[in-house]
Amino acid sequence: MSSVPSEPRTVPVSAGAKEAWAGAHRIGDFRRWLGTGGDAAGTSGTLRQTFLYSFTVFAALVAAINAMNVISESRAGASLFGPIVWEASSWLTVMAFLWVPWMGYRLAPPIIRPRWKLAIHIPGAILFALGHVSGFIVLRKLAYALAGEHYGVDGFWLNFAYELRKDVIGYGLFVLGFAFIAHLLRQQRTVAAPGPTPTFDIRDGARLNRVRLEEVLAIGSAGNYVEFVLRDGRRLMMRSPLSALEEELGPRGFVRTHRSWLVNATQVTGLKPEGSGDYAVEVDALTVPLSRRFPEALARLKAPTPRGE
């Protein structure tokens with residue numbers, strides 16, 4: 001891998017980009033970031049599909065578990081009212097609070113670096129358990145009241161302590177499930193749309209820019225926006241977290257070299273040591289930092305990779 005003969009330059013953030021990053025949050029932008037309303041990563045729809053497919057799969061699996069619990073909790077000749085209400089209320093609140101592990105997955109997917117960011121799942125799991133227990137207690141009291149009966153509960157915190165371990169495990173399985181389904185969808189897209197010059201759609205509001213991936217040198221992050229740096233000097237903006245693009249473009253040759261940068265590994269032309277284990281990555285006429293906290297990226301960029309692969 002040879003160095004660029006001319007002096008590499010670092011592309012600054014444009015004034016327009018800074019103004020965009022400083023703009024107010026819009027509900028539509030937030031929904032696109034979540035992946036539930038529009039496409040947070042171009043027009044691929046991977047995030048939206050991940051949420052919808054996951055919700056369907058989780059709903060079916062949790063319902064099956066609840067149905068088995070009804071069967072095991074019922075006794076011959078005994079009323080099924082209690083077990084059905086208990087399990088139905090549990091299913092409803094699990095699905096109602098599925099947004100909590102989804103938010104956790106969006107903020108800290110399993111592949112996130114540095115790994116300490118995964119600590120966000122601790123309060124996420126607790127919040128999920130609190131919502132689940134509060135929800136099913138309310139629903140059970142309501143169902144029993146409508147039936148003219150009284151739902152006796154030993155206390156919120158006793159129920160919470162009993163359910164916490166199960167809900168923490170469930171939260172973790174949901175997060176891993178989101179990641180697995182997203183991986184399957186990305187693999188499906190890669191197989192379904194092969195080609196020597198794959199493209200990516202960059203959305204900025206209603207505007208769409210379709211670019212060839214080989215023309216994207218790197219992607220930088222600032223706030224809630226990312227900036228695509230193209231070979232021809234253009235800088236295109238899109239509202240999205242960098243982690244979402246890492247998931248989307250990682251299988252297509254992009255490498256996370258820094259908490260704020262993705263680089264196109266097929267376009268890298270040089271690596272220069274900066275001391276203390278850090279490097280400067282030369283991508284055509286652009287220089288991007290490579291942090292020592294990303295040793296996998298360094299190993300991947302040092303490996304021989306034919307350009308345009």
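No lab work stands behind these numbers, since they all come straight from the coordinates. Predicted, not measured: the structure shown is a model, and the values here were computed from it. Here the Cβ is made from the backbone with ideal geometry for all residues, glycine too, and neighbour counts use every protein chain on show.
Hey, any idea what Rg/Rh is for segment 46-193, computing Rh the Kirkwood way over Cα pairs?
Across segment 46-193, the Cα-based Rg/Rh ratio is 1.05.
Karplus couplings for segment 246-262 from phi (6.51 cos²θ - 1.76 cosθ + 1.60, θ = phi - 60°), rounded to Hz, Gly and Pro as x?
4, 5, 6, 9, x, x, 10, x, 9, 10, 7, 9, 7, 4, 10, 9, 10
Work out the length of the dipole vector of segment 46-192 about its Cα centre, built from +1 on the beta-carbon of each Lys and Arg and -1 on the beta-carbon of each Asp and Glu, and round it to the nearest 20 debye.
Dipole about the Cα centre, nearest 20: 780 debye.
By average Cβ neighbour count within 10 Å, what is the ranking of 141-147, 171-177 from highest down?
171-177, 141-147
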